[in-house]
1. Restricting attention to the stretch 402-413, does a residue exist that is open to solvent by less than 30 Å² (accessible area, probe 1.4 Å) and either assigned to a helix (DSSP H, G or I) or at pLDDT below 90 (or both)?
2. Quick check on my filter: what residues within the stretch 55-76 are over 31 Å from the mean Cα position of the chain (by Cα) and either among the hydroxyl-bearing types (S, T, Y) or open to solvent by less than 80 Å² (accessible area, probe 1.4 Å) (or both)?
3. Restricting attention to the stretch 7-43, and to residues there that are hydrophobic (A, V, I, L, M, F, W, C), part of a loop (DSSP other than H, G, I, E, B) and farther than 21 Å from K250 by Cα, which single residue is least open to solvent (accessible area, probe 1.4 Å)?
4. Could you list all residues from the stretch 198-208 that are small (G, A, S) and open to solvent by 10 Å² or more (accessible area, probe 1.4 Å)?
5. Tell me, which strands (runs of 3 or more DSSP E) wholly within the stretch 118-234 include 1 or more residues that are closer than 24 Å to E102 by Cα and among the hydrophobic types (A, V, I, L, M, F, W, C)?
6. Tell me which residues, restricted to the stretch 86-99, are open to solvent by less than 10 Å² (accessible area, probe 1.4 Å), touching a strand residue (DSSP E or B) at 6+ places or on another chain (Cβ under 6 Å) and either part of a helix (DSSP H, G or I) or hydrophobic (A, V, I, L, M, F, W, C) (or both).
7. Give the residue that is most open to solvent (accessible area, probe 1.4 Å), with candidates limited to residues of the stretch 100-137 that are among the polar types (S, T, N, Q) and touching a residue at least 40 places away in the same chain (Cβ under 8 Å).
8. Are there any pairs with C-beta distances below 6 angstrom linking a residue in the stretch 151-179 that is farther than 25 Å from V124 by Cα to a residue that is open to solvent by 30 Å² or more (accessible area, probe 1.4 Å) and in a strand (DSSP E or B), with the two at least 6 apart or on different chains, and if so which?
Amino acid sequence: MKARIFDTTLRDGEQTPGVSLTPDQKLRIAIKLDDLGVNVIEAGSAITSAGEREGIKKIVSEDLSAEICSFARAVKVDVDAALECGVESVHLVVPTSDLHIEHKLRKTREEVKRTAIEAAEYAVDHGLLVELSAEDATRSDYKFLKQVLSEGIDAGAKRVCACDTVGMLTPERSYEFYKGLTELGVPVSVHCHNDFGLAVANTLSGLRAGASQAHVTVNGIGERAGNASLEEVVVSLNSLYNIKTDINFKMLYEMSKTVARMTGIYLQPNKAIVGENAFAHESGIHADGVIKKAETYEPITPELVGHRRRFVMGKHVGSHIIRKRIKEMGLRVDDVRFEQIFARIKALGDMGKCVTDVDLQAIAEDALGVLAEKPVELEELTIVSGNKVTPTASVKMNVDGVEKVEAGVGVGPVDAAIVAVRKSVKDIADIQLEEYHVDAITGGTDALIDVVVKLKNGNNIVSARSTQPDIIMASVEAVLGGVNKIVSDKKIRESENKE
């Protein structure tokens with residue numbers, strides 16, 4: 001069996017409170033979705049606005065491999081708006097529950113059914129492929145639901161969809177519900193919302209029952225608690241049910257990050273498949289097992305979805321990981337010094353502190369009585385910022401004994417300062433800021449600020465931290481800590497290669 005993927009990130013996903021995508025952002029996401037391998041891209045709802053139609057037209061003009069679809073209510077004006085955009089298909093939606101018919105539309109069942117049939121006929125007559133979709137289908141009278149969809153098929157609809165609009169299904173009921181709809185004789189789509197946290201499970205059950213297409217969104221974004229998550233559905237289908245899709249799994253993590261950045265809806269760390277902790281290990285028992293054989297504590301490899309494995313140093317960390325990281329840093333410690341290092345890391349973990357690579361190196365070098373090498377040091381930092389001034393930073397740096405003076409501008413003083421630092425060290429380390437996280441440790445305007453950054457240089461990724469009362473200085477010191485770690489590691493590798 002093979003399942004089709006109908007992605008509605010650009011329509012249902014954009015209905016997430018606070019999310020509004022520009023036409024160009026929609027186009028960028030659509031191109032990446034097409035590269036990912038989704039079968040249908042619901043590019044938006046053409047009737048919504050001029051900007052929405054512009055975005056859909058941009059996507060259509062790219063001549064992508066995926067079918068481009070527009071959401072449409074069962075009214076002529078919505079179908080006309082979709083036709084104006086040049087889409088191949090419409091996701092034609094009509095409410096079928098008495099709750100919606102009586103209280104939202106204030107119509108009768110017969111009026112709703114007639115409207116659906118007329119809209120389907122109109123769309124088909126104008127060359128559109130119609131996927132007739134029942135809103136609030138899972139709270140509808142089942143006999144009436146099947147009647148509406150059946151007459152829609154007679155009117156020319158090529159696919160039907162039943163929406164669990166407020167997430168009322170359970171996996172058991174989902175199987176029976178969608179199994180009954182497969183008797184209609186056309187492809188059936190599963191569309192589940194996550195109000196009870198069951199959207200993915202219900203989608204999988206519907207597909208097992210005979211539905212052939214899943215409506216999903218990247219990261220599971222959408223109204224209220226969201227929709228079925230694309231990455232969770234396709235990986236579960238592949239790994240647990242041996243049901244294939246056209247999805248390029250290696251792009252899933254990258255796709256997730258792209259949508260998170262563009263929508264501003266960032267993921268909880270423990271999000272399945274694509275969360276930052278999905279392949280992170282702190283427990284000593286788990287980490288030791290993964291080092292010996294990854295399958296002991298990983299059901300799939302991070303490489304499958306384009307993710308990466310990482311080991312976290314905290315109070316649960318085991319000695320194997322600490323020894324491994326110290327060795328990678330080019331340091332050699334005896335058993336006595338290692339126990340000192342290990343005890344200090346445990347103590348920091350008990351204080352609630354995340355131990356970064358720079359922290360570990362500082363602890364190890366302190367235990368060895370070695371002064372940390374600092375190829376890059378800050379000598380001066382000047383910031384100019386205000387409500388009518390472009391934030392500007394200038395730095396004077398000592399880079400491997402050479403004085404460097406650079407300036408940078410940014411969206412704020414912190415951004416400007418980091419831009420200036422990056423420019424000053426570009427000759428020895430072309431760094432990219434992968435992550436930036438800030439916390440106020442204490443209360444009040446004089447709070448201590450804890451900044452954690454992740455820097456990337458080629459394939460090398462390091463984390464670094466600085467805690468200071470000044471957010472700008474804490475940010476700069478954290479970046480410099482990471483830069484010095486990258487440069488020191490580079491020198492160690494070069495030295496080993498010469499040997």
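The values are calculated or read from the model by the stated rules, or taken from the named source; none is laboratory data. Everything numeric in this text was worked out from a predicted model, so none of it was measured. Reconstructed Cβ throughout: ideal geometry from the backbone, glycine too, with neighbour counts over all protein chains shown. The protein model used for the area step is the full one, side chains on, heavy atoms only, and it has no ligands, DNA or RNA in it. Shrake-Rupley method; radii C 1.70, N 1.55, O 1.52, S 1.80 Å.
1. Step one: filter the stretch 402-413 for residues open to solvent by less than 30 Å² (accessible area, probe 1.4 Å), giving 408, 410, 412.
From the residues that got through so far, the ones that are either assigned to a helix (DSSP H, G or I) or at pLDDT below 90 (or both) too are none.
Among the residues of the stretch 402-413, not one is open to solvent by less than 30 Å² (accessible area, probe 1.4 Å) and either assigned to a helix (DSSP H, G or I) or at pLDDT below 90 (or both), which makes the answer no.
2. Applying the first criterion (over 31 Å from the mean Cα position of the chain (by Cα)) to the stretch 55-76 yields 74-76.
Within the stretch 55-76, A74, V75 meet the criteria.
3. Here is the first cut: in the stretch 7-43, the residues hydrophobic (A, V, I, L, M, F, W, C) are 10, 19, 21, 27, 29-31, 33, 36, 38, 40-41, 43.
After this cut, where a residue has to be part of a loop (DSSP other than H, G, I, E, B) as well, the list is 10, 19, 21, 38.
Checking which are farther than 21 Å from K250 by Cα leaves us with 10, 19, 21.
Numbers: L10: 0, V19: 17, L21: 19 Å².
Among them, the one singled out is L10.
4. Applying the first criterion (small (G, A, S)) to the stretch 198-208 yields 199, 201, 205-206.
Residues satisfying the conditions are A201, S205.
5. Working: elements: 129-135, 159-164, 188-192, 213-216.
Strands (runs of 3 or more DSSP E) meeting the threshold: 129-135, 159-164, 188-192.
6. V90, L92, listed by residue number.
7. Step one: list which residues in the stretch 100-137 are among the polar types (S, T, N, Q), which gives 108, 115, 133.
Next, only the ones that are touching a residue at least 40 places away in the same chain (Cβ under 8 Å) stay: 115, 133.
Values: T115: 42, S133: 0 Å².
Looking at residues that are among the polar types (S, T, N, Q) and touching a residue at least 40 places away in the same chain (Cβ under 8 Å), I get T115.
8. Filtered contacts from the stretch 151-179: T165/E135.
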